[in-house]
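Report on the structure given below.
The values are calculated or read from the model by the stated rules, or taken from the named source; none is laboratory data. None of these values were measured; they are calculated from a predicted model. Here Cβ is always computed from backbone atoms with ideal geometry, including for glycine, and neighbour counts include all displayed protein chains.
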Amino acid sequence: MSLAVDTQMNDMGTLVLGVNWLLCAIFLHAVDHKLRAPMRFTAILAAYKVMPESLVPLAARLVMLLECLTVLATLFAWPWGLPVAAALLLVYAFAMAVNKARGRAYIDCGCGDTPTPLSTSLLVRNGILVTLAMAASMLHGTSSFTPLGWLDIVTAAFAAAAATGLYLAFEQILANNEYLD
C-alpha cells in the first residue's frame, strides 16, 4: 500500500513538473519575440487600447519582466510560478476578449513572431492553459512529493516537449488560419 501511495505522489510530481516545463516553453516562446523586437511589442500592446497611451511603454517592459520571471519560476518549478503564469494568461485573455467585444479582432494577439488575429480559439487556448496551471499549482501546494527519480524527470521532460510541440502546431494553425479563408 505504501508503494502505491509513493508511486501516486511521484506521478503527481511528474505531472506538476511537466506542466511547469510546458508553461516554461510557452512563456519562453512568448517573451523571445518581445525581447528581440520590443518596439513592435509595445506597438501591439498599444493597439489593444486597454490603458492610457502614456502607460504602454512601462506596461510593455513590465510584461516582458514578468514573462522572464515566469520562465525562470516554471523552469525550476518554484511554487509561485504556476499561479503567476495563470494570472498572466488570464490578463491576456481578458484583453483579447475586450477587443473582440469591441469588434477589433483584426489586431495581433502578440503571442509570437507570426501576427495572429484575435479569435475565440485563442481565448479557449488560454482557458485550457490557465486550468492546467491552476490544477498543477493546487497539486503542487497540497501534496508532499517524494523526491523525483531520474525516470520521473525524463518522463516530465518528454511530456513537456510533446505538449510544447502540439502547442506550437496549434499556434501555427491559428496564424495560418487567416490565409485559409
Quick check: is even one residue across segment 76-93 over 30 Å from GLY13 (Cβ atoms), touching a residue at least 12 places away in the same chain (Cβ under 8 Å) and not aliphatic (A, V, I, L, M)? no
Are there any pairs with C-beta distances below 8 angstrom linking a residue in segment 1-24 that is part of a helix (DSSP H, G or I) and surrounded by fewer than 16 Cβ atoms within 10 Å (Cβ to Cβ) to a residue that is at pLDDT 85 or above and β-branched (Val, Ile, Thr), with the two at least 6 apart or on different chains, and if so which? none
